[in-house]
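Here's the structure we're looking at; comments come further down.
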Amino acid sequence: MLKVIIVEKDTNFSNNIHEILNLHKFDIREVNRIDAVEAEIVEFMPDLLIVSVNWDFKSSGIDLVKKFRKGYNIPVLLINDFYTQVDDSIDLSKISNSEAINKPFKTRDFLAAIDRLLNKK
């Protein structure tokens, strides 16, 4: 069973992602605080991270991925809000072993992005 950590501040959205992944037999953990992610990675050792790009004015999903990328090369699916697509597109393309998907997205597109990332391993 493949292990996934969902890093998303919006618990309703992360619950929806959780349900989709659960139907496809993933082992899932949700983290709703950016300061708790690294400890969860160390404990759970996921095969994939799903990370919201937008958090607050102090931190972002991009900052988070850059920080832990030094010690881990876990594939990352970055979820980008529609209103910030243009602002973050340059930074998103520079993150290795990752793919970005913009909200709103279709479930099949979401699962296809996960498949592409996991098949790169």
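For the reader, a short list of remarks on this structure follows.
- The stretch 1-23, residues that are surrounded by 14 or more Cβ atoms within 10 Å (Cβ to Cβ) and more than 17 Å from ILE79 (Cβ to Cβ): LEU2, LYS3
- Residues of the stretch 32-66 classified as among the polar types (S, T, N, Q) and at pLDDT below 90, total: 3
- Residues that are farther than 14 Å from ASP63 by Cα, surrounded by 12 or more Cβ atoms within 10 Å (Cβ to Cβ) and out of contact with any Asp or Glu (no Cβ under 9 Å at 6 or more places or on another chain) within the stretch 28-39 comprise just one, ILE28.
- Scanning the stretch 15-31 for residues that are of a type outside the set (A, V, I, L, M, F, W, C) and either part of a strand (DSSP E or B) or at pLDDT below 95 (or both) yields ASP27, ARG29, GLU30.
- Within the stretch 86-102, one or more residues are at pLDDT 85 or above, surrounded by fewer than 20 Cβ atoms within 10 Å (Cβ to Cβ) and either among the hydrophobic types (A, V, I, L, M, F, W, C) or at positive phi (or both).
- Matching residues, the stretch 22-51, being under 13 Å from the mean Cα position of the chain (by Cα) and hydrophobic (A, V, I, L, M, F, W, C): ILE28, VAL31, ILE34, VAL37, ILE41, LEU48, LEU49, ILE50, VAL51
- Residue in the stretch 48-67 that is nearest to LEU118 (Cα to Cα), counting only those that are out of contact with any helix residue (DSSP H, G or I) (no Cβ under 6 Å at 6 or more places or on another chain) and surrounded by fewer than 18 Cβ atoms within 10 Å (Cβ to Cβ): LYS66
The values are calculated or read from the model by the stated rules, or taken from the named source; none is laboratory data. Here the structure is a predicted model, which is why all the values come from computation and not from measurement. Note that each Cβ is placed from the backbone with ideal geometry, even for glycine, and that neighbours are counted across all protein chains shown.
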